[in-house]
1. Given the protein chains as shown and a 1.4 Å probe, how many square angstrom of T358 are accessible, to the nearest 10?
2. Under the 0.36 nm per residue contour assumption, what length would be gained going from the current alpha-carbon distance of R23 and C345 to full extension?
3. Treating only the Cβ of Lys, Arg, Asp and Glu as charged (+1, +1, -1, -1), what charge dipole size does the range 255-443 show about its Cα centre? Round to the nearest 20 debye.
4. Ignoring ligands, DNA and RNA, what accessible area per residue does the range 255-443 give at 1.4 Å, in Å²?
5. Starting from the Cα gyration tensor of the range 255-443, multiply each eigenvalue by 5, take the square root, and state the resulting semi-axes largest first in whole Å.
6. Dipole of the range 374-477, Cα-centred, from +1 at each Lys and Arg C-beta and -1 at each Asp and Glu C-beta, to the nearest 20 debye?
7. Checking understanding here: applying a Kyte-Doolittle mean of at least -0.5 and a length along the axis of at least 15 Å (C-alpha), which whole DSSP H helices in the chain pass?
8. Is there a quick way to get the dipole size of the range 41-195? I mean about its Cα centre, with the Cβ of Lys and Arg at +1 and of Asp and Glu at -1; what is the value in debye to the nearest 20?
Amino acid sequence: MSAYRCPDLLVGGRWRPAAGEARVAIVDPATGETLDELALCSAADLQEALDAAGPAFEAWRQVPAHERCLRLERGVARIVGEADRIARLLTQEQGKPLAEARAECLMAADLIKWYAEEARRTYGRIVPARQPGTRMDVLKVPVGPVAAFSPWNFPLVLSARKLGGALAAGCPIVLKAAEETPASVAAMVACLADELPPGVIQLVYGVPAEVSQALVTSPVIRKVSFTGSVPVGRHLAQLAGRHLKRITLELGGHAPVIVCEDADLDRAVRQLVTHKFRNAGQACLAPTRFFVARRRYGAFLEAFTEAARGLKLGPGLQASTQMGPVANARRRTAVQDLVARSIACGARKLSGDAGLPTQGFFVAPTILADVPLHAPAMQEEPFGPVACLLPFDRLDEAIAMANGNAYGLAGYLYTDSARAMLQVSERLEVGSLAINGIGVSVPEAPFGGVKDSGHGSESGCEGIEAFLETRFNHHAA
Ligand SMILES: NC(=O)C1=CN([C@@H]2O[C@H](COP(=O)(O)OP(=O)(O)OC[C@H]3O[C@@H](n4cnc5c(N)ncnc54)[C@H](O)[C@@H]3O)[C@@H](O)[C@H]2O)C=CC1
Ligand SMILES: O=Cc1ccc(S(=O)(=O)O)cc1
């Protein structure tokens, strides 16, 4: 195995060790062994980052959008060139299969590229003036220094969403990426940082609550962006609200899938098994609640369970592996507990744990049939390889069940009926809906949730807009 080393902090344009005393172990989820120890930042490190962000904003906002685009594109080219190395770090620290890690790295590059191109289209507008010889214009200007918090499940993609949007808009960014997966993000950030003025991109790792308290409450920071759990999102929303900071929140999901009687079952099963068990189910957009037309329920259940059982589990670095471990022992316990509580409510578990690797944090693909709507697995985000199935008789009923929990991020529909497509697309409470496919997240379209899944969008032109302010200029003669 190639050497794994925890990164330093990137503060004020310089990679340097954290000044804090505390350390956290970075654990390989496939073995449970410690790879290295990450040093956490001190309050002084954070103050230094904040001090650098102001001057960095002055420098970066003056770089024309065309030039910002070119510099970001050079950084993107380096990320693509280093994809194999970055992917390996990601697999070592996070556990996902190497092919998934590489795909994530390329998706992250694609996201930043799209944002970079979009920087050149942050148009304002001219408003017809009331008096002759005067002019009224509306400008889009960068909001200012950004504090961003990204999680460990898709550390590259979910950091890239924030980095790309902020940098393209002309904002400096202080990124606190997840302490669990520091090296892959640092390797990606290094590819971008060399192209930017010092302090425009800064990367810190610390005690999460201390970092967010210092950054969100600082007058230097003008915008906050967070991806993670609902409780932490609520806390940050309160903190941001008290300090009147704009905030974007992507707080996870519990995606419903509606499979209608006329659906192409082979296609649905093939796509949904891959999508469900990607990253061992630890994805905010993972399909989780499967509502299947009663006449196809048995056939779907059988085919889905068989395909899930056929997945090859193993260490992410092994070429034959199709599903890796979950990210840590905490996640494994949480998933096992959710499954047990749901079985106690009447769910039927169709898959077994036989043949699981004995080392590391592995959880078998778990199919729960006939899951009551009030069962924990129907209400709480499993964030693991758990699929819940239930039959429905009428589309109305399926939509009501799909809308019956607190989340509203992604949704999926399989049907050939135009009427069903219209009804579901109008009434399903989600931010993104894929019909006869799984493409709910693409760089050029907005991605965000409703209800407890958060608010605001990332990606698409909405994603860059989140880092821009609207300014009105009225020029008199
Ligand atoms: N939307 C998404 O993609 C994600 C959702 N989650 C949800 O959260 C659940 C629990 O996972 P955990 O890792 O325990 O989630 P968590 O919300 O505690 O941690 C997620 C991220 O937030 C950061 N964080 C935690 N407290 C913070 C604070 N006070 N200020 C700033 N950042 C903070 C962590 O460092 C981590 O990177 C998962 O089961 C899942 O439901 C977790 C990660 C990503
Ligand atoms: O967890 C959220 C998440 C995971 C993956 C993706 S993407 O499909 O790689 O874009 C988006 C959001």
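1. The accessible area comes out at roughly 140 Å².
2. Difference between extended and current length: 111.8 nm.
3. Value, rounded to 20: 500 debye.
4. Value for the range 255-443: 40 Å² per residue.
5. 26, 17, 16
6. 120 debye
7. The answer, listed by residue number, is 43-61, 65-81, 98-119, 155-169, 182-193, 230-242, 265-277, 329-344.
8. In debye, rounded to 20, the range 41-195 gives about 780.
The values are calculated or read from the model by the stated rules, or taken from the named source; none is laboratory data. In this text, all values refer to a predicted model and were calculated from it rather than measured experimentally. Ideal geometry is used to build each Cβ from the backbone, glycine not excepted, and the neighbour counts take in all protein chains shown. For accessibility, only protein heavy atoms count, side chains too; no ligands or nucleic acids. Shrake-Rupley method; radii C 1.70, N 1.55, O 1.52, S 1.80 Å.
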